There are 2 protein chains.
Amino acid sequence: MERIPILRMGKVLLVTIQVDMHDQLAVTLQDDLTSKIVETGARGVLIDISSLEVVDSFIGRILGNIATMSRVLDAQTVVVGMQPAVAITLVELGMSLPGIRTALNVEKGMALLQASMEADEAELEVPDASLED
Amino acid sequence: MERIPILRMGKVLLVTIQVDMHDQLAVTLQDDLTSKIVETGARGVLIDISSLEVVDSFIGRILGNIATMSRVLDAQTVVVGMQPAVAITLVELGMSLPGIRTALNVEKGMALLQASMEADEAELEVPDASLED
């Protein structure tokens, strides 16, 4: 069965979407990703959509779902590599991708995830700092 | 035109092959990769083939070509994620992928590339050590 591979890089899962996502493929990706987050204890999900030239409302919704599912599993999602035309289309469709962080490319997205994972860890290390007196 | 995206992560270029590579796509990938190595000064190429269930002699040759082209541009190639059945097929086809280093997954492949890049740099830093007296 066709499925989109999920690559593990340290605490980040990397997904490169290269093909047009039809319904079944998108559902499979959601299932695979959530299982993989739980299995690996990943803290971040990086989705590269640089090869998508068209993003419709269906894919927009799928990306939103993935971000929400990841969040409840304590992993952040960053979408990278969006083409200018795709950004225009999404806004014209009325989809501003709420709750999804974006970055220009994989390198910047990875840096963003690393920074926020480090911030999370720093917070955990000094729990008293966030407590009220 | 369909093309396989090449992701840059620091000094490594990451390629995830998800679709069956027909002739034109493979040639495009070779061209794109060589241009990208020159453009970015990348020192490593990581090719993930975990979603390929069948690898024929054509793809085997393409992988070999990419590795050779990368080497002459001073970048190392590591192929990761090969499925057991693919390994069996390749050997049965008489292709032992000479000159291609492999690793179990992206994480291990990246570690392999990092280690050899560091070794290269260490060598450059102490040029006298390799000179004969």
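The values are calculated or read from the model by the stated rules, or taken from the named source; none is laboratory data. Because the structure is predicted, anything quoted here is derived from the model rather than measured. Cβ atoms come from the backbone with ideal geometry, glycine included; neighbour counts cover every protein chain shown.
So the values come out like this:
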{"item": "Residues being out of contact with any helix residue (DSSP H, G or I) (no Cβ under 7 Å at 6 or more places or on another chain) and either within 14 Å of chain B (Cβ to nearest Cβ) or among the polar types (S, T, N, Q) (or both) - total across region A:87-119", "result": "15"}
{"item": "Segments classed as strands (runs of 3 or more DSSP E), wholly inside region B:41-133, with at least 3 members that are buried (at least 19 other Cβ atoms within 10 Å of the Cβ)", "result": "B:44-48, B:76-80"}
{"item": "Number of positions in region A:11-31 that are within 19 Å of B:Asn105 (Cα to Cα) and surrounded by fewer than 17 Cβ atoms within 10 Å (Cβ to Cβ)", "result": "1"}
{"item": "Any hit, region A:91-101, residues being among the hydrophobic types (A, V, I, L, M, F, W, C) and within 19 Å of B:Pro5 (Cβ to Cβ)", "result": "no"}
{"item": "Residues of region A:46-67 satisfying the condition of being closer than 17 Å to A:Leu13 by Cα and within 14 Å of chain B (Cβ to nearest Cβ)", "result": "A:Leu46, A:Ile47, A:Asp48, A:Ile49, A:Ser50"}
{"item": "Conditions (1) closer than 23 Å to B:Asp20 by Cα; (2) at pLDDT below 90; number of the one not met by A:Ile6", "result": "(2)"}
{"item": "Single residue of B:Ala115, B:Ala85, B:Ala103, B:Ala67 found to be under 19 Å from B:Thr28 (Cα atoms) and either among the aromatic types (Phe, Trp, Tyr) or modelled with pLDDT of 85 or more (or both)", "result": "B:Ala67"}
{"item": "In region A:1-18, the residues that are under 14 Å from A:Gln114 (Cα atoms) and assigned to a loop (DSSP other than H, G, I, E, B)", "result": "A:Gly10, A:Lys11"}
{"item": "Members of region B:68-79 found to be within 14 Å of another protein chain (Cβ to nearest Cβ) and out of contact with any Lys or Arg (no Cβ under 7 Å at 6 or more places or on another chain), listed by number", "result": "B:Val79"}
{"item": "Matching residues in region A:6-24 - criterion: being among the aliphatic types (A, V, I, L, M) and either under 12 Å from the mean Cα position of the chain (by Cα) or within 7 Å of another protein chain (Cβ to nearest Cβ) (or both)", "result": "A:Ile6, A:Leu7, A:Met9, A:Val12, A:Leu13, A:Leu14, A:Val15, A:Ile17, A:Val19"}
